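What follows is calculated from the coordinates using simple rules that are stated; it is not laboratory data. Everything numeric here is computed off the predicted structure, so don't read it as measured data. No Cβ is skipped: glycine too gets one built from the backbone with ideal geometry, and neighbour counts run over all protein chains shown.
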């Protein structure tokens with residue numbers, strides 16, 4: 001298990017929440033619609049977990065399901081896209097050649113009054129994906145700002161200004177928070193507490209009445225983004241362990257974690273500190289051994305050293321090192337690793 005965790009530490013993970021990621025340059029853009037602009041719409045669209053359940057095979061049952069789950073907010077383009085994505089997976093798995101005709105027949109039966117609109121949304125979605133594939137190399141070559149502008153221009157062209165804004169609402173919100181974090185990171189002489197207050201203010205400005213709902217769904221992500229700031233890590237690294245623990249607890253509490261969760265995080269932080277202390281001592285002794293021995297002699301001494309420091313995990317550490325990964329050579333990121 002630890003070997004898998006180490007591999008995960010090296011990997012770059014692209015999470016596509018609406019469309020599967022096709023490439024590093026387009027995956028994040030395709031998946032940037034995770035949060036709708038209103039709680040009612042989000043509830044209608046469903047969560048990723050609930051969206052994984054198989055759809056009914058019988059058309060009448062499917063129509064009932066679609067009306068029950070999506071009907072209340074079917075006027076929302078975001079909800080339409082959520083529904084279409086689910087139907088595409090369902091019908092493509094059943095019939096790779098005729099999936100689109102079957103999907104449209106289900107839409108006509110479920111929502112006849114909105115059939116033309118939803119069919120157009122489906123076509124725009126397919127056209128957008130095709131455009132991303134055609135332009136993948138060009139998009140990769142653009143800077144972040146130019147790429148984002150190109151993507152928004154195509155979204156507006158295909159979906160229209162209002163629909164594109166609704167479908168990719170969380171993309172715009174995420175960009176606003178990213179910009180705010182960048183500004184917070186370079187604030188001179190600000191403490192972690194000062195930066196946290198500015199961060200919370202930026203979240204409130206971005207999400208407004210949906211701020212608490214956003215944090216309920218993304219609380220850990222919100223904490224991690226703040227902890228990833230270099231300014232925050234510099235201050236945390238400068239503190240004694242007890243003071244650092246207090247600061248970590250305060251910032252997590254400030255973003256809404258309850259006492260039970262704070263206690264679990266305290267325990268995990270202490271365990272991480274212990275493991276890093278052990279790991280850095282191991283690396284120092286390892287470096288000393290590497291100056292004295294080589295080849296099989298070095299490996300024999302390293303086996304003994306790993307067993308002394310890591311016990312049952314020694315074999316995992318050895319496998320990682322054989323693959324060129326040294327977990328304690330990574331930068332220490334307090335609150336994150």
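Numbers at a glance
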item: Segment 185-337: radius of gyration over Cα atoms, expressed as a fraction of 2.2 N^0.38 Å; result: 1.32
item: Inter-label distance for residue 116 and residue 231, nm, one decimal - labels placed 7 Å from Cα along Cα-to-Cβ; result: 5.4
item: Inter-label distance, nm, simple model (7 Å from Cα along the C-beta direction), residue 137/residue 204; result: 5.0
item: Inter-site label distance for residue 176 and residue 75 at 7 Å from Cα along Cβ, in nm; result: 2.3
item: Efficiency of FRET between residue 126 and residue 185 - r from beta-carbon atoms, R0 41 angstrom, step 0.05; result: 0.55
item: Gain upon complete extension [residue 219, residue 271; 0.36 nm per residue less C-alpha separation]; result: 16.5 nm
item: Pairs of Cα atoms farther than 14 Å apart, segment 186-257, %; result: 60
item: Solution diffusion estimate, µm²/s, Stokes-Einstein, segment 75-215, Kirkwood Rh from C-alpha pairs, 10 °C, viscosity 1.306 mPa s; result: 89
item: Length released on extending from residue 330 to residue 308, taking residue separation times 0.36 nm less the Cα-Cα span; result: 5.8 nm
item: Distance between segment 53-104 and segment 217-269 - C-alpha centres, whole angstrom; result: 41
item: Estimated FRET transfer efficiency (residue 67, residue 97; beta-carbon r; R0 30 Å; 0.05); result: 0.65
item: At R0 = 30 Å, FRET efficiency that the Cβ-Cβ distance of residue 242 and residue 278 yields, to 0.05; result: 0.95
item: Calculated log₁₀ intensity ratio I(q)/I(0) where the Debye formula runs over C-alpha points of segment 269-337, q = 0.15, 0.16 Å⁻¹; result: -0.49, -0.56
item: Dmax and Rg, reported as Rg then Dmax, of segment 142-262 (C-alpha, Å); result: 17.0, 55
item: Spin-label proximity, residue 322 to segment 266-299 - amide N less than 17 Å from point 7 Å beyond Cα toward beta carbon; result: 295-299
